[in-house]
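Visitor: To start, I am sharing the structure in question, which I have written as structure tokens.
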Amino acid sequence: MKDYFVYTGGAISGLTYEECVGWRLYVASKMPSHIHILSPMRGKEYLKNGKIINGSYEQHPLCSQKGILCRDHYDVRRADLVLMNFLGAKKLSIGSIMEVAWAYAYRRPLITLMEEDNPHNHPMVREASNFILIDLDEAIKLTIAILTP
């Protein structure tokens, strides 16, 4: 069976490492063996210090401005599907909005998780999203259904 890749986008700035990876690990644990998760947090374990992530960290290549843009863009481009989690967002995630635009431009199926009052609930985000849900488990089921032959 062919392997498929899912890019897991969502807010990072303003959260701890644990908050950023927790839901991604949960998604990965629910996927069958042919579906692999691409996380923008992989290789960034040095951020496991309990502190809030804020912007770029130029001393770490993957967390530098260029590193973040390069790998996240590469991952969205090579993904078979993008799962964008905006649930509970209190402020706009500009990097995630760029990822939504890339998913749309590269015609990747885009499952967006957001509530009605979410700051990301914008006409362009709604139009770019193929599916808009409010339940992570439903998004996981939909991802599996789309990527399973």
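Visitor: Go through R77, R71, R126 for me and flag whichever is within 21 Å of R42 (Cα to Cα), open to solvent by 50 Å² or more (accessible area, probe 1.4 Å) and at pLDDT 95 or above.
Guide: Working: R71 fails: open to solvent by 50 Å² or more (accessible area, probe 1.4 Å); R126 fails: within 21 Å of R42 (Cα to Cα).
Residue meeting the stated conditions: R77.
Visitor: Let me ask something additional. Going residue by residue through the range 98-112, is there one that turns out to be open to solvent by 60 Å² or more (accessible area, probe 1.4 Å), at positive phi, over 12 Å from the mean Cα position of the chain (by Cα) and not hydroxyl-bearing (S, T, Y)?
Guide: Yes, the range 98-112 contains at least one residue that is open to solvent by 60 Å² or more (accessible area, probe 1.4 Å), at positive phi, over 12 Å from the mean Cα position of the chain (by Cα) and not hydroxyl-bearing (S, T, Y).
Visitor: Scanning the range 1-11 for residues that are modelled with pLDDT of 95 or more and more than 16 Å from E138 (Cα to Cα), which turns out surrounded by the fewest Cβ atoms within 10 Å (Cβ to Cβ)? Full working, then the answer.
Guide: Taking the range 1-11 and keeping what is modelled with pLDDT of 95 or more, we get 2-10.
Cutting the leftovers down to more than 16 Å from E138 (Cα to Cα) gives us 2-5, 7, 9-10.
On the way: K2: 7, D3: 10, Y4: 19, F5: 16, Y7: 25, G9: 30, G10: 26.
Step by step, filter the range 1-11, then rank; the result is K2.
Visitor: Given E58, E18, E116, which one is closer than 19 Å to A139 by Cα and acidic (D, E)? Write out each step before concluding.
Guide: Details: E58 fails: closer than 19 Å to A139 by Cα; E18 fails: closer than 19 Å to A139 by Cα.
That would be E116, the only listed residue that is closer than 19 Å to A139 by Cα and acidic (D, E).
Visitor: Looking at the range 35-51, is at least one residue within 18 Å of G22 (Cα to Cα), touching a Gly at 6+ places or on another chain (Cβ under 9 Å), crowded, with 19+ Cβ neighbours inside 10 Å and free of Cβ contacts under 8 Å to residues at least 40 places away in the same chain?
Guide: Checked against the condition, which is being within 18 Å of G22 (Cα to Cα), touching a Gly at 6+ places or on another chain (Cβ under 9 Å), crowded, with 19+ Cβ neighbours inside 10 Å and free of Cβ contacts under 8 Å to residues at least 40 places away in the same chain, the range 35-51 yields at least one hit.
Visitor: Taking helices (runs of 4 or more DSSP H) that do not extend beyond the range 44-149, which have at least 3 residues that are out of contact with any Leu (no Cβ under 9 Å at 6 or more places or on another chain) and more than 22 Å from K30 (Cβ to Cβ)? Spell out how you get there, then give the answer.
Guide: Values: elements: 65-78, 94-105, 123-128, 136-147.
Of the helices (runs of 4 or more DSSP H) lying wholly inside the range 44-149, those with at least 3 residues that are out of contact with any Leu (no Cβ under 9 Å at 6 or more places or on another chain) and more than 22 Å from K30 (Cβ to Cβ) span 65-78, 94-105, 123-128.
Visitor: Count, please, the residues in the range 64-119 that happen to be closer than 13 Å to S39 by Cα and either free of Cβ contacts under 8 Å to residues at least 40 places away in the same chain or not β-branched (V, I, T) (or both).
Guide: Residues meeting the conditions: 14.
Visitor: From the list L92, L81, L87, pick out the single residue that is out of contact with any helix residue (DSSP H, G or I) (no Cβ under 9 Å at 6 or more places or on another chain) and within 20 Å of H120 (Cα to Cα).
Guide: Going through L92, L81, L87 in turn, the sole match is L92.
The values are calculated or read from the model by the stated rules, or taken from the named source; none is laboratory data. Since this is a predicted model, take the numbers as computed values, not measurements. Please note: Cβ atoms are built from the backbone with ideal geometry, for glycine as well, and neighbour counts cover all protein chains shown. SASA here: full protein model, heavy atoms, side chains in, ligands and nucleic acids out. Shrake-Rupley method; radii C 1.70, N 1.55, O 1.52, S 1.80 Å.
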